[in-house]
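The values are calculated or read from the model by the stated rules, or taken from the named source; none is laboratory data. Note that the structure is predicted; figures quoted are calculated from it, not measured. Positions of Cβ are backbone-derived with ideal geometry, glycine not excepted, and every protein chain shown enters the neighbour counts.
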């Protein structure tokens, strides 16, 4: 069952000069990259410019951002697993979650419920997540029905193009409906307070950061149980493994695919509320870059692999948070924070080039291609 | 509710009729939903600024009217047999579609929708409730949600009557129906272009009177309407009675390809292309130059995507390389390092982008197809971030970019006046034309070469291609490099067209636009790409008041519709058409997938290579 992703060289063929050059180039590339990271890190740390608190802050930020990436990545990884397609519109599904959560929050705020007392705040937050997950799921199902289902048997490139179309459609529909300006989440007061628990207070955490990490871990655990233990979860895994055989076994392939989209979208929608509450400001384009990064996280962990998406999300979040300062500051790059996104996209390229199966390995069936 | 006035006896027929009536309702609701969507997204409001017929109907209103007529038309198709049933069905569908808007008027102000949906403004309610036509003032109570607008019934009534009209339309013979559609369509298009046609006509004494009679500054005047309809009728009669297309098709091949026919026809076409921007003033030459520029880049990506099947979403990376190279080598800004003439900088920019393509392409070309799209997208983003970063600011100017890039002729020391036929945009147009000719020549020659066939083989099935002895990485990197080179060329011309490069133009949307051009025009087809550029870039540029948001909205819809209903594009290559329809399998998508094809992605959008 094990197949390599890159074209395997047959042992009987000798390497051409061109191939030798390519492989030498790739090695030089790797060495250069490792040198860059190592030298940059050593220089930064030895310079002693940054205190331990700074690093702790960054690590916390990375974990929080990573949790959100991980939640979005689950949708990518599950859909890729079952349909072998990159759901390019998934970032927009996440963005719709942000908006749905926002409108719920505004409604609750105007009703005076949002910050009335801690209990109503918690209920409000859960309600926001629920409504955002529902809205995202509904939109994702509509997209699946209109843009993906009719093309299920088409070449994958066609599906990808349709997905790009869906992504733009959703982005600019939201821009048209709600305007292209920047929105701000109403604050939930209790989530902005510092955590005053014995062990955690040293880290200087805010409640919202704890909530994001805990919620992300909890949802991932639930999703994992759902996929591994429930009947429909088993069906999803079977269909991911082999659509035809699954159909012959009496599994409703269509239902499995639709459920996959729904579950992935619900995770993304809930992640949208976490994102909105955490960062506060957002607009119609807010889903695009996080979407691509979450895809990176999915690839990083090994696409099709649910624990992989979680690991990938957190690793990417940390790499992004720490990486730009750790590597670039020592090398004397001005404003290293600007290059945060470069790190994420470089990781994407590196993983695909050097370890396409990801950290935990891919869980894909034969039809990988 | 859908029992309807059918008079059937057999319960089977009744069942069928019931389901037909249900479908009529659903059709009406779907059209109503679409009308509601375009209204709330703001398209109707924006288009209401633009008249088709002066003081009579705006484009925004026309969109709503057409949605009701469409509902009636489709509703009639779904209704049970019989003329009476059809008309009733179409009226019901129209009623449903209008009722959706009526509902908006009823509950919108009460719920204070405008607070969340900026487009649900008073102007919009006035528009859809026909306040102006009926001469009704909607009162303040209405806006406070204390009273209903008096004319909330307006869309439903209009919808019902227009729906019935649509139903009548479906009962007409085909010839008459086509004539009406053609008339309405031509009227809309000339109405849209009225302002653009009017201003040059006003400048000449001969045409200025006609211009005033026919066109308002916004839309057609009544004499113009009659003129357009008359011309349409005449052309249609000629088309139906004399059938020029059939006659042309029936001509023997020898006549069609006889030098005495081909050479003058070719000469006229060439002359037309060369003279195209000369007949216009104002901003039109810039639009033409922009279309040519995008067509040029489309032809470049067409090699990567259309021939080799590599979806490159990082086209903008090489575009940036080309643009910045030209800016650095020919600019007059602080960071520029030389002031070379354009015929030196453009080739250097192309080669630089090609080198970049090789450098970036080598590591990633082992990656499977859809991953490649994302990786290249990542490249595009990396380059965009670097372009505006402080890191490269001393070299390429940071967020401010580089300005002061001379136009081609200025770069070799020739100054032209503003009114000259060789004004800035026109220079760009001719440079683009020459580049396009070169690229098209290369594309056609390569397609029929050993390399081109290797690309097509890779596109269809990578594993088989490798088994046949094709070196995958080498062949793919050649395609990628060529695509990159032409992207660089595009960037170089772009920098000259705008006279500056800013990081804000290094944008993922450039990559997407070019993919949209190719998909809409027809993958692998050279005329298709040109048509795609005209449709995707040219048309929206002519209607500047249509905000960019709606453009991308429409592109998104177009992508979904085209891959679903016309995967070969508007103007496909011959092979493309055959490929797309030879493999037509029942794609209901409900059942299990066809036999596993591990290579499905490398078959890519299996369009073809065929060119003109």
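Are any residues in region B:93-120 in a helix (DSSP H, G or I) and free of Cβ contacts under 8 Å to residues at least 24 places away in the same chain, and if so, which ones?
Selection gives B:103, B:107, B:108, B:113, B:114, B:115.
Could you check region B:259-281 and list, in sequence order, the residues that are outside any helix (DSSP H, G or I) and under 24 Å from residue B:437 (Cα atoms)?
Selection gives B:280 alone.
Does residue A:170 satisfy the condition of being closer than 30 Å to residue B:518 by Cα, in a helix (DSSP H, G or I), facing chain B (nearest Cβ under 7 Å) and within 24 Å of the chain's Cα centre (by Cα)?
Taking the combined requirement at face value, the residue does not satisfy it.
Checking residue A:240 against (1) modelled with pLDDT under 90; (2) under 21 Å from residue A:345 (Cβ atoms); (3) part of a helix (DSSP H, G or I), which single condition isn't satisfied?
Status for residue A:240: all satisfied but (2).
Hey, residue A:349 hits all of (1) modelled with pLDDT under 85; (2) on the phi < 0 side of the Ramachandran plot; (3) more than 8 Å from chain B (Cβ to nearest Cβ); (4) touching a helix residue (DSSP H, G or I) at 6+ places or on another chain (Cβ under 7 Å) but one; which does it fall short on?
(3)
Does residue B:52 count as surrounded by 20 or more Cβ atoms within 10 Å (Cβ to Cβ), within 14 Å of chain A (Cβ to nearest Cβ) and in contact (Cβ under 8 Å) with a residue 12 or more places away in the chain? Explain how you work it out, then say what you get.
Details: surrounded by 20 or more Cβ atoms within 10 Å (Cβ to Cβ): yes; within 14 Å of chain A (Cβ to nearest Cβ): no; in contact (Cβ under 8 Å) with a residue 12 or more places away in the chain: yes.
So residue B:52 does not fit the description; no.
From the list B:533, B:487, B:479, B:495, which one is in contact with a strand residue (DSSP E or B) (Cβ under 6 Å, 6 or more places away or on another chain), in a helix (DSSP H, G or I) and away from chain A (no Cβ under 14 Å)? Give the steps one after another, and end with the answer.
Values: B:533 fails: in contact with a strand residue (DSSP E or B) (Cβ under 6 Å, 6 or more places away or on another chain); B:487 fails: in contact with a strand residue (DSSP E or B) (Cβ under 6 Å, 6 or more places away or on another chain); B:479 fails: in contact with a strand residue (DSSP E or B) (Cβ under 6 Å, 6 or more places away or on another chain).
Answer to the check: B:495.
Restricting attention to region B:327-380, and to residues there that are touching a strand residue (DSSP E or B) at 6+ places or on another chain (Cβ under 9 Å) and over 25 Å from residue A:339 (Cα atoms), which single residue is farthest from the other protein chains (Cβ to nearest Cβ)?
B:332
State which residue pairs qualify: first residue in the same structural domain as residue B:506 (by TED's automatic domain parsing) and inside region B:376-395, second residue surrounded by fewer than 23 Cβ atoms within 10 Å (Cβ to Cβ) and outside any helix (DSSP H, G or I) in any location, beta carbons under 7 Å apart, and separation of 6 or more residues or different chains.
If the second residue must be surrounded by fewer than 23 Cβ atoms within 10 Å (Cβ to Cβ) and outside any helix (DSSP H, G or I), the pairs left are B:384/B:507; B:386/B:392; B:390/A:334; B:390/A:335; B:391/A:333; B:391/A:334; B:395/B:335.
Suppose we filter B:230, B:300 for residues that are under 24 Å from residue B:384 (Cβ atoms), in a helix (DSSP H, G or I) and modelled with pLDDT of 85 or more; which single one remains?
Exactly one of B:230, B:300 is under 24 Å from residue B:384 (Cβ atoms), in a helix (DSSP H, G or I) and modelled with pLDDT of 85 or more, namely B:300.
Would it be correct to say that residue B:321 is in a helix (DSSP H, G or I) and closer than 30 Å to residue A:334 by Cα? Outline the logic, then answer.
Values: in a helix (DSSP H, G or I): yes; closer than 30 Å to residue A:334 by Cα: yes.
Against the criterion (in a helix (DSSP H, G or I) and closer than 30 Å to residue A:334 by Cα), residue B:321 qualifies.
Taking the stated definitions as given, is residue B:159 at pLDDT 80 or above and closer than 30 Å to residue B:14 by Cβ?
Here the answer is yes, as residue B:159 does meet what is asked.
Which one is nearest to residue A:265 (Cα to Cα), of the residues in region A:109-133 that are touching a residue at least 60 places away in the same chain (Cβ under 8 Å) and crowded, with 18+ Cβ neighbours inside 10 Å?
Result: A:133.
Return yes when residue B:366 is more than 31 Å from the chain's Cα centre (by Cα), part of a helix (DSSP H, G or I) and more than 15 Å from residue B:493 (Cα to Cα) and no when it is not.
Taking the combined requirement at face value, the residue does not satisfy it.
Within region A:144-159, count every residue that is touching a residue at least 60 places away in the same chain (Cβ under 8 Å) and either more than 7 Å from chain B (Cβ to nearest Cβ) or within 16 Å of residue B:517 (Cα to Cα) (or both).
3
Does residue A:44 satisfy the condition of being farther than 30 Å from residue A:326 by Cβ and in a helix (DSSP H, G or I)?
no
Scanning for something assigned to a helix (DSSP H, G or I), at pLDDT 80 or above and touching a helix residue (DSSP H, G or I) at 6+ places or on another chain (Cβ under 8 Å), does region B:387-396 turn up at least one residue?
Scanning region B:387-396 turns up at least one residue that is assigned to a helix (DSSP H, G or I), at pLDDT 80 or above and touching a helix residue (DSSP H, G or I) at 6+ places or on another chain (Cβ under 8 Å).
Given the conditions (1) under 30 Å from residue B:568 (Cα atoms); (2) touching a residue at least 12 places away in the same chain (Cβ under 8 Å), which single one is not true for residue B:356?
Status for residue B:356: all satisfied but (1).
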